[in-house]
Amino acid sequence: MWHWLATVPALLLLGACTTPPAPAEAPVAEVAVPPQPQSRPARAARAPATPKAKKPGPIPTRALNLLAECRFRDETGYNGEMKLAVKDARVSAFVARVNIPQRGSCRFDLKNFRQTRELPNVELSHLSDRCVVRVWEQGERVTVAFQQCQKMCTGEAWVHLWPILTDRRDGSCA
């Protein structure tokens with residue numbers, strides 16, 4: 001009798017594993033789906049259009065004319081003054097002094113330079129050194145830039161010497 005009781009759970013497990021087959025389903029008729037028109041992919045949200053900054057135009061190839069006598073100073077104490085006269089791309093006066101706090105100062109005088117170029121940019125080359133001063137215009141500004149002018153400066157001022165920007169309309173500089 002005991003062994004009949006031991007077979008009952010086994011029979012129950014076997015019965016649980018065998019399930020009657022599912023009734024056959026009726027065949028489903030296929031329905032033709034009309035083709036969908038091709039739609040455009042969704043666009044990513046764009047940032048609102050911002051006005052583009054106007055790029056400066058090309059540097060004109062024309063004879064430079066400028067008369068500037070100005071002083072400048074910024075909040076760090078960097079300061080200087082410049083006198084520059086250019087007529088028909090010929091420099092008749094150039095004197096500049098720039099003081100750079102805790103670094104030294106730089107001094108430039110036309111008597112130590114010769115003009116080596118007029119167009120497209122004015123170029124002054126030092127008489128006994130590699131120092132070159134270039135002057136060019138772009139829009140209403142004229143840039144006076146310095147290259148390899150270590151001997152025109154005291155201390156390490158030449159490392160921190162920035163170009164001088166001049167406004168052609170009023171002769172001011174920064």
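Just so you know, all these numbers are worked out from the coordinates, no wet-lab data involved. Because the structure is predicted, anything quoted here is derived from the model rather than measured. Cβ sites come from the backbone with ideal geometry, for glycine too, and all protein chains shown count toward neighbours.
Only Lys, Arg, Asp and Glu carry charge here, each on its Cβ (+1 for the first two, -1 for the last two); on that basis segment 66-167 has a dipole of about 360 debye about its Cα centre. What would the Debye formula give as log10 I(q)/I(0) at q = 0.14 Å⁻¹ for the alpha-carbon point model of segment 66-167, no solvent? The Cα Debye sum returns log10 ratios of -0.49.
Each residue of segment 134-143 was assigned a 3J(HN,Hα) from its phi angle through the Karplus curve 6.51 cos²θ - 1.76 cosθ + 1.60 (θ = phi - 60°); the sequence is 10, 10, 8, 10, 8, x, 8, 9, 10, 9 Hz, with glycine and proline shown as x. Could you tell me which of the pairs K111/K151; K87/K111; K54/K83; K83/K111 are separated by over 24 angstrom between their Cα atoms in the structure shown? In this structure, K54/K83 exceed 24 Å between Cα atoms.
Projecting the Cα atoms of I164, V95, L119 onto the dipole axis of segment 66-167, where Lys and Arg carry +1 and Asp and Glu carry -1 at the beta carbon, places V95 farthest toward the positive end.
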